[in-house]
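The values are calculated or read from the model by the stated rules, or taken from the named source; none is laboratory data. Note that the structure is predicted; figures quoted are calculated from it, not measured. Using ideal geometry, Cβ is built from the backbone for each residue, glycine included, and neighbour counts are taken over all protein chains shown. Note: areas computed on protein heavy atoms with side chains; ligands, DNA, RNA excluded. Shrake-Rupley method; radii C 1.70, N 1.55, O 1.52, S 1.80 Å.
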Amino acid sequence: MWTLTDSPIGELRIVEHRGSIVAIDFPPHRPLPDGRPLGDRADDHPLLAEAARQLTAYFAKELRDFDLPLAPRGTEFQQRVWAELLRIGYGETASYGEVAQRLGMTAAASRAVGLANSKNPIAIVIGCHRVIGADGSLTGYAGGTDRKQFLLGQEQDALF
């Protein structure tokens, strides 16, 4: 099941499967192979409504930590990277190399971390926007660097 919710960075699609959030994405929404979102639209589904509520609170700077059951789908390595992204706190950033080192790899694995980061299916909640270049640059972001800059700015502004 899925729903849509408005946000300052565009309409977000939230997808639920078996009691967990499996995707939050930006337009253009990624289609499944048959071109349809996962399941039927269900705006009143309790988990989808709660996810939309938490996203609204996040954008209103009233929520820093999401409390949602998550089940991102990916390889074992992607899962490890995404779990590490969840450890990067609100308003914090880490470089791709730092994430690699936290996973017990050398900084040379930063490209692999970047690739896994780009496949994160649960934007915002799994904070892939918090990963930046070693020089502090805003490197690529699946939602676009304008959205990444907005999200980082929102979190930084909220800390002061």
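Quick notes on this one:
- Counting protein heavy atoms only, the chain has 51 percent of its accessible area on carbon and sulfur, 1.4 angstrom probe.
- About its Cα centre, the dipole of the chain is roughly 460 debye, where the only charges are +1 on Lys and Arg Cβ and -1 on Asp and Glu Cβ.
- The length gained by stretching the chain between R73 and E11 to full extension, at 0.36 nm per residue less their Cα-Cα distance, is 20.1 nm.
- Between the labelled values [x] 44, 38, 25; [y] 69, 36, 31; [z] 62, 41, 36, the entry that holds Cα extents along the principal axes in Å as derived from this structure is [x].
- Around the Cα centre of segment 34-105, unit charges on the Cβ atoms of Lys, Arg, Asp and Glu (plus for the first two, minus for the last two) sum to a dipole of about 180 debye.
- When segment 1-136 is described by a simple charge dipole with +1 on each Lys and Arg Cβ and -1 on each Asp and Glu Cβ, the residue from G114, V15, A42 located farthest towards its positive end is G114.
- Helix axis angle, 76-85 relative to the chain longest principal axis, alpha carbon, degrees: 80
- Helix 145-158 axis versus longest C-alpha principal axis of the chain: approximately 90°, rounded to the nearest ten.
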